[in-house]
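The values are calculated or read from the model by the stated rules, or taken from the named source; none is laboratory data. This is a predicted model, so every value here is computed, not measured. Note: ideal-geometry Cβ built from the backbone for every residue, glycine included; neighbour counts use all protein chains shown. Please note that ligands, DNA and RNA were not included when accessible areas were found on the heavy atoms of the full protein model with its side chains. Shrake-Rupley method; radii C 1.70, N 1.55, O 1.52, S 1.80 Å.
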Amino acid sequence: MGQKKVAKTSFNHPGLFAAMLAAALLGPVGAGCGGGSQSTASHTKGVAPKPEPPENSAKATRPALPASKILSTATGIATDREGDRAEVAVEMGEAVPVSEAEDEVLLACETKIFQLRSGPERSIAIPFTVSATVLSSLATDIVVNLNSFGAVREGGDVDPNGGESFASLPLWAGGYSDGPTCTDWADIGNGAGSVHWGSDVARPHVKQTWSAWLILPNAITPRDPTGAEEARLLVEQPVVTLSSLANFKLDLDRSSGIVKCFSAYSLIPGDVAVMAEDTSAAIRSGCSATRATASDAGLGSNVDTDAICNSRYPSGQIRSVDVKGGTETIYDRQASLRTVCAGFGAPDDLRLTPGMSCALIAAAAVWGGPGVNAGASELCDTTAIVQGYSSKGWVGVASAAAEEKACGYFSEVFAGGAGVVAAGAASETGPGAAAVGLGTYKALASFLHVACGGLLDGGASALGTRLEANHETHVALDVTRHGKCLLLSQKTGLSGTSWHAVGCPRATI
């Protein structure tokens, strides 16, 4: 991510600022102390007070989330200056209408939902599961705060949570041993979005589990009947506290659905690692993928899209300059192709798989000629990805709708290139084959010709899936097919934020 000019941000709650201050001081991956406290709690200078959830034991009221419904997982080790260590894992699940969620904990928020002029049929709930295990030799307090959520905006910036980020005031419903509790996001002093295990239960090598829901009232509307537009921009940065200020370092090899976005509301602005409800939406908005970005488990590969894209385009540069009325961020050729490879410009709700990223790399090579980095060939030319093309597993889910959407998009990517693709598939010296490996390229060419109904000859119209006039898709196609580079324009007033395909500042591949 390039550096950006930081806009002024106001803070309407001291606890939120404390949490962000701790995260900023402890580095970009995410660390710190829960924000806020009860009015009777004492404050230690230099240390943010811990939130105080209700004085009873946390309870996992909901059955474990099925793997197919978990969209992001943040797993890591929290350590403090006293030597306390704990493994903490946070799972963020798929949003569902409150009216369809089967959990009595949500009933605790029913009154507040109606006070916000909403209702269960107009509200969505995002399930969270938190687990923690003390790894050090002594029992300790553990606090995990989920109240550092926000919404991704254009340019990959994360807005702080609150009424301005979502349609209505978010609520937290949490389960405890003496009953569920409902708090609004700003009520940090009463433990909104946080769980506290005391040292009487958080003993070494004993796993603790807690479940909660983040509720977004008024998310479901006639124009958005599922609430997907509201949910897909949600990101979460867990904050962990042990007996004192703790550093929570994510293990990206054991996490999933993690992206890096630009946080302007930290004391020290910069990139932070966050859980994403929809990684492809976050990346299209300007966030960066990581090696923990969700990949297609159906391919049977441990290599995700970020590793593939970075191996092919390892040296991209992004530079921001001040211009009249705002800023412009220019991506060089490698950075532009890497951003498209990771999902920028793909149709909404199309989650890129490793096979799709390899297809985009092949297309860029076909249209742009040689410029090979051997790492991409090694990561793309695998049996799992070849079999994914053959079995249609590359579209991520086994559904006709997903296949049609993928075929429609890649028909535009390769449109008019039937002869070029066929020639490249016949020789390992062809640019596409050299970029992703001959076996992968042949499997891709076969899939595009056969499974997608001969789209390379007839284009998207042959499938009846021609993409709508999506500006960002056209920008991405110009980058892939016409050697252009990305320019992000951010200006005040009516101009707002917009993406453009422009001439590249310099050739880097």
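Within the accessible area of region 160-211, what % is carbon and sulfur when the probe is 1.4 Å and the other protein chains stay in place?
Values: 880 of 1940 Å².
The computed percentage sits at 45.
Within 10 Å, count the other beta carbons around each residue, average over each peptide in 229-242, 99-112, and list them highest first.
Values: 229-242: 25.9, 99-112: 16.6.
Per-residue Cβ counts within 10 Å, averaged per peptide and sorted highest first, yield 229-242, 99-112.
Under 5 Å between amide hydrogens, which residues at least 5 positions from Ile220 or on another chain qualify, with H placed 1.01 Å from N in the peptide plane?
Here Ser123, Ile124 satisfy the definition.
For region 97-148, what ratio Rg/Rh do Cα atoms give with a Kirkwood hydrodynamic radius?
Details: Rg = 16.2 Å, Rh = 13.8 Å.
Looking at region 97-148, the ratio lands at 1.17.
How large is ³J(HN,Hα) for each residue in region 241-256, as worked out from phi by the Karplus curve 6.51 cos²θ - 1.76 cosθ + 1.60 (θ = phi - 60°), to whole Hz, x for Gly and Pro?
After applying 6.51 cos²θ - 1.76 cosθ + 1.60, I find 10, 9, 5, 8, 3, 10, 9, 9, 9, 6, 9, 5, 6, 10, 9, 8 Hz.
What ranking do 480-492, 134-146 get when scored by the average of other Cβ atoms within 10 Å per residue, highest first? Mind showing how you got there, number by number?
On the way: 480-492: 19.4, 134-146: 21.1.
Ranked from most to least packed, the peptides come out as 134-146, 480-492.
With each pseudo-label sitting 7 Å past Cα toward Cβ, what's the Glu102-Lys69 distance in nm, one decimal?
Between Glu102 and Lys69, the label points sit 0.8 nm apart.
Order the peptides 244-256, 186-198 from the highest to the lowest mean number of other Cβ atoms within 10 Å of their residues. Don't skip to the end; give the middle numbers.
Values: 244-256: 19.6, 186-198: 23.3.
By packing density, highest mean first, the sequence is 186-198, 244-256.
What accessible surface, in Å², does a 1.4 Å probe find on Glu87, ignoring ligands, DNA and RNA and rounding to the nearest 10?
That residue has around 60 Å² of solvent-accessible surface.
Give me the extension gain from Ser498 to Thr221: residue separation times 0.36 nm, minus the current Cα-Cα distance, reported in nm with one decimal. Please list the in-between numbers first.
On the way: separation 277, 0.36 × 277 = 99.72 nm, distance 2.62 nm.
Fully extending the segment from Ser498 to Thr221 adds 97.1 nm.
Using 0.36 nm times the number of residues separating Asp322 and Asp178, minus their current alpha carbon distance, what extension gain do you get? Don't jump to the answer; show the numbers that get you there.
Details: separation 144, 0.36 × 144 = 51.84 nm, distance 5.54 nm.
Extra length from Asp322 to Asp178 when fully extended: 46.3 nm.
Which whole-Hz ³J(HN,Hα) couplings does region 215-220 yield from phi under the Karplus relation 6.51 cos²θ - 1.76 cosθ + 1.60, θ = phi - 60°, glycine and proline marked x?
9, 10, x, 6, 7, 8
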